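Only one structure is covered here, and it is reproduced in the block below.
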Amino acid sequence: MKSAIVYTALSVVNLIAFAVCMCFLPAQVPVHFNWEGVCDSLGSPWLFIGLPAAAALVSAGLWASLLSRSERNGKIIVVTLSAVGAVLAYLGWLSFALAAAGTALGAKTAFPFGLAIIFPLSVLMVFFGNYLPRVKPNKTLGLRTPSTLKSESVWVRTHRIGGVLFFAGGLISACASIAFSCVRAGIDLNFVSLIIFAVVVLFVCAFVPIYARALYRRERRESAEQ
């Protein structure tokens with residue numbers, strides 16, 4: 001309860017502070033950069049308000065989990081949602097910094113996108129991987145596939161391997177974001193860390209349901225043989 005109160009207060013203060021700071025930006029700011037770091041679109045700075053607003057809305061999930069008597073993973077949900085909210089708030093202020101930099105349309109920025117964006121997202125993956133094996137079967141959180149929802153043993157084994165994959169994938173992506181942000185080869189290699197992160201996420205998301213289904217089919221086959 002104390003964590004939910006603190007998070008709610010901080011997220012609301014963060015949203016108000018962000019909105020106030022938005023008022024000091026020009027009417028048109030850089031809102032999109034291509035893979036080379038060149039500004040290719042201008043727009044209203046208020047487009048970025050969605051990130052701190054989403055961080056504030058996370059508090060609704062915290063309170064819902066705390067007030068639900070049937071929730072078996074209250075502590076894990078609070079920790080996980082708080083981490084997601086913190087990353088959303090961070091990305092909001094990162095967007096503000098990019099907007100405030102005033103990069104002209106067609107101009108290139110030296111901003112290390114890989115290190116500034118991919119690294120915190122990779123750390124979040126590591127965080128998820130650490131907590132996934134502790135998640136008990138429930139209606140809201142976890143690797144919810146038809147197979148994991150039908151069998152508790154499949155749920156446990158899938159979350160165990162899923163935790164390993166998220167943890168390892170997050171470490172790989174984090175190291176790649178650091179390495180390719182530091183390399184100076186005459187060209188911008190930040191996009192490589194983005195590709196690696198995307199491949200890791202897609203692999204994990206594709207592997208988990210296939211693995212869970214294979215476990216469930218084996219479980220049913222062994223039960224039929226008995």
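The values are calculated or read from the model by the stated rules, or taken from the named source; none is laboratory data. Everything numeric in this text was worked out from a predicted model, so none of it was measured. We place every Cβ from the backbone using ideal geometry, glycine too, and count neighbours over all the protein chains shown. Keep in mind that these areas ignore ligands, DNA and RNA; they rest on the heavy atoms of the full protein, side chains included. Shrake-Rupley method; radii C 1.70, N 1.55, O 1.52, S 1.80 Å.
The set of residues in region 210-226 that are under 12 Å from residue 158 (Cβ atoms), in contact with a helix residue (DSSP H, G or I) (Cβ under 9 Å, 6 or more places away or on another chain) and surrounded by fewer than 16 Cβ atoms within 10 Å (Cβ to Cβ) contains only 214.
Take residue 179 and decide whether it is at pLDDT below 95 and more than 16 Å from residue 117 (Cβ to Cβ). No. Residues in region 134-158 that are of a type outside the set (Val, Ile, Thr) and under 18 Å from the mean Cα position of the chain (by Cα) were compared, and the one that is farthest from residue 204 (Cα to Cα) is 141. Of the helices (runs of 4 or more DSSP H) lying entirely inside region 110-226, those containing at least 2 residues that are free of Cβ contacts under 8 Å to residues at least 60 places away in the same chain, of a type outside the set (D, E, K, R) and under 26 Å from residue 35 (Cβ atoms) span 119-131, 152-182, 190-225. Residues of region 34-59 that are open to solvent by less than 40 Å² (accessible area, probe 1.4 Å), under 13 Å from residue 98 (Cα atoms) and part of a helix (DSSP H, G or I): 45, 48. Taking residues in region 19-47 that are on the phi < 0 side of the Ramachandran plot and of a type in the set (Gly, Ala, Ser), and partners anywhere that are exposed (fewer than 12 other Cβ atoms within 10 Å of the Cβ) and in a loop (DSSP other than H, G, I, E, B), the pairs with Cβ atoms closer than 8 Å and at least 6 places apart or on different chains are 41/105; 44/27. As a summary of the residue check, residue 115 satisfies the conditions (1) under 17 Å from residue 174 (Cα atoms); (2) surrounded by 17 or more Cβ atoms within 10 Å (Cβ to Cβ); (3) at pLDDT 90 or above except for the one numbered (3). If you filter region 46-65 down to residues that are more than 15 Å from the chain's Cα centre (by Cα) and closer than 16 Å to residue 141 by Cβ, you find that the one that is modelled with the highest pLDDT is 60. Checking region 72-81 against the condition returns a match, with at least one residue being assigned to a loop (DSSP other than H, G, I, E, B), more than 21 Å from residue 32 (Cβ to Cβ), open to solvent by 40 Å² or more (accessible area, probe 1.4 Å) and in contact (Cβ under 8 Å) with a residue 60 or more places away in the chain.
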